Structures are given as C-alpha cells and as structure tokens.
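Please read the structure below before turning to the comments.
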Amino acid sequence: MVPLARAAQGDYARCMRAITLLVTLLLASAALAEQPIYRSQDAAGSPVYSDQPAGQPLLLAPLNTTAVPTVPVVRSRRNDSNPNRARHITITAPTSGSPVGHAVAGVLVQAQIGGTLAAGEHYQCLHNGQPVALLRSDNSCWIALPERGEQRLQVALLNAAGRQLLASEPVVVYVQRHHLPALPTPP
C-alpha cells in the first residue's frame, strides 16, 4: 500500500509542476504580446520587423472585432406524429468550431436528412438564422461568408407556407479575414 501512495504523490507533484509551467508560459506570452514592434530595412531594402530596438517603433491599431448577432437557436426535434416519417436533420460538414481561412469566400454545408417530404415542403440553409440557399438534391448548399468572426449555420425544413418545422443543431464556424491595404483608385 505504501508504494502506491508514494506513486500517487509523485503523479500529483508532476501534475502540479506541469500546471505551474503552463500558467507561467501563459503569463509570459501575455507579457510578450504587449512588447513594442520595430521596423527597419535590411541591406537589400526589404522591411524587417523585430521586437529588438532597431529602427522605428510601430504603433499598431487595436484589432477590430465584429459583434455576432444574437440568433435564436431552434433545436432539432423528431416529428413523431407519423411514425413512417421519422425526420431528422444533421449537418455533417463543416464541423462545429472549424476555422474558415481568409482566402475562402464561403463554405459548403453538407447535411444528412432522415424522413420523407410532404407536398410543398423543402429544406433551406440558414446563416445566422437567415435563409440564404435551398438545399440541393445532393443535400448540400453553398453559403457565402463575408463577415469575420463567429457564424452559425443550420439546415431547416419548411412547409409550403414557409413555416419552419424542423432545424438542425447549429454548427458554428469562425471566419478569419486579414486586412489588406486599400487598392489605389484608377485614374
């Protein structure tokens, strides 16, 4: 029994050292993030950026962020009124938490559909709760993502009157955009 207790104490000590190291690294990285950046030129005239005092210090503007609109979440639920039409909608791609790079204009949403459609019913893709595209016959749709930040994607089933009957769980993607310098205006 005594060797097991000592082994457990050793594991605890190693765990605490790892946590201490992790906290120390996080604090150090936060301190480094506030260090000034300097710009100079090398012998070829190319710009060189460094954290070492050489050249002119750069004053960087704070990063701008875009607030994500609050969208009510409609949970997926099965329609049990008719057992022959057990319905469900699941987004299979992209996965929740996926980043969308700066050079990508949108995402291809792919869904898994269960059940049959009644007359006049159709599937629609939603971007932040707003309808943007109809689901194609291959259960996919293209959603353009012009905004940066968190974006919610869903697929919904609508009846002939446009009333939402069922919706998938939302998938959240994070759109990353870089700022590019403004292009000169043509003469």
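Read the figures in this text as sums done on the coordinates, not as results from a lab. Please read all numbers here as calculations on a predicted model, not as lab measurements. Cβ sites come from the backbone with ideal geometry, for glycine too, and all protein chains shown count toward neighbours.
Here Asp51 and Ser98 are evaluated by their C-beta separation; at R0 = 35 Å the FRET efficiency comes out at 0.65.
Phi angles of segment 40-52 translate, via the Karplus equation with coefficients 6.51, -1.76, 1.60 and θ = phi - 60°, into HN-Hα couplings of 9, 10, 8, 4, 7, x, 7, x, 10, 10, 8, 9, 8 Hz per residue; Gly and Pro are given as x. Residues whose amide H lies under 5 Å from that of Leu165, counting only those 5 or more places away or on a different chain, are Leu157, Leu158, Asn159; hydrogens are built 1.01 Å from N in the peptide plane. Taking amide H atoms as placed 1.01 Å from N in the peptide plane, the amide H of Leu117 has no partner under 5 Å among residues 5 or more positions away or on other chains.
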